[in-house]
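Have a look at the structure below before the remarks.
The values are calculated or read from the model by the stated rules, or taken from the named source; none is laboratory data. Predicted model, so just to flag it, every value in this text is computed and none were measured. Glycine gets a Cβ as well: all are built from the backbone with ideal geometry, and neighbour counts include every protein chain shown. The accessibility values were calculated without ligands, DNA or RNA, using every heavy atom of the protein model including side chains. Shrake-Rupley method; radii C 1.70, N 1.55, O 1.52, S 1.80 Å.
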Amino acid sequence: MEFLDQDELATLTGYKHATQQREWLEDYGWAHAVNAAGKPIVNRLYARQKRSEEHTSELQSRLHLVCRLL
């Protein structure tokens, strides 16, 4: 099983510190575990799927907005 590395977590959450990363993941409903050092662990496949779902949702929202404006 592969997990996001610290740089990827920082890019995803916008935070470098583990506490803030965990808070972001919890606030946005991302499944994760926490290792013995208190750092969040996110499965790479799960992250890919979650980003895809969010991107699809965002595109659908924009399309709905454009249709309403027309």
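Quick notes on this structure:
- Scope segment 9-24; condition in contact (Cβ under 8 Å) with a residue 12 or more places away in the chain, under 18 Å from Arg51 (Cα atoms) and either open to solvent by less than 40 Å² (accessible area, probe 1.4 Å) or of a type in the set (Asp, Glu) (or both); matching residues: Leu9, Leu12, Thr13, Gln21
- Among residues of segment 28-51 that are modelled with pLDDT under 95 and in a loop (DSSP other than H, G, I, E, B), none has a Cβ under 7 angstrom from a residue that is hydrophobic (A, V, I, L, M, F, W, C) and open to solvent by less than 80 Å² (accessible area, probe 1.4 Å) at a sequence gap of 6+ or on a separate chain.
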